[in-house]
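Trainee: First the structure, then my questions, so here it is.
The values are calculated or read from the model by the stated rules, or taken from the named source; none is laboratory data. All figures in this text were calculated on a predicted structure; none of them were measured in a lab. Here Cβ is always computed from backbone atoms with ideal geometry, including for glycine, and neighbour counts include all displayed protein chains.
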Amino acid sequence: MPVPSWSRAVTSSPKFAPENYASLPSRVSLHPETDLYLNEWHGSGFQLSDLPCYPNGPDSIFEKVQECGRCGSKNIVVVYLCNWYDQSGADIDLELECKSCGTFTQYKGWA
């Protein structure tokens with residue numbers, strides 16, 4: 001898969017994760033993890049390397065989106081991730097919570 005083109009927004013509250021994300025387990029799958037075309041998770045905070053589809057950590061797809069969009073900290077956790085694949089490419093929504101400054105960064109990617 002080619003490296004996605006990313007857009008970014010920074011907010012003071014979550015945009016993609018549910019309001020109760022902090023009370024959820026660290027990672028909740030919203031679809032069967034065997035689905036080849038749609039993967040979606042939310043939770044109180046996980047790393048991409050926790051996901052079965054990224055057992056060796058985030059590959060080049062996510063290398064540009066592993067930091068807070070406000071302060072640049074790498075002290076972040078994923079609170080929402082959705083990958084949707086079809087024959088034309090991949091649509092990716094990613095939301096990070098920064099443990100350093102408390103903001104949320106939403107990344108939208110297309111590859």
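Trainee: Return the pairs, sorted by first residue and then second, in which the second residue is of a type in the set (Lys, Arg), the first residue lies in segment 74-89 and is modelled with pLDDT of 85 or more, the beta carbons are less than 6 Å apart, and the residues are 6+ apart or on different chains.
Mentor: Once the first residue is modelled with pLDDT of 85 or more and sits in segment 74-89, its partners that are of a type in the set (Lys, Arg) give 75/99.
Trainee: Go through (1) at pLDDT below 80; (2) in contact with a His (Cβ under 6 Å, 6 or more places away or on another chain); (3) of a type outside the set (D, E, K, R) and name the single condition residue 3 misses.
Mentor: Condition not satisfied by residue 3: (2).
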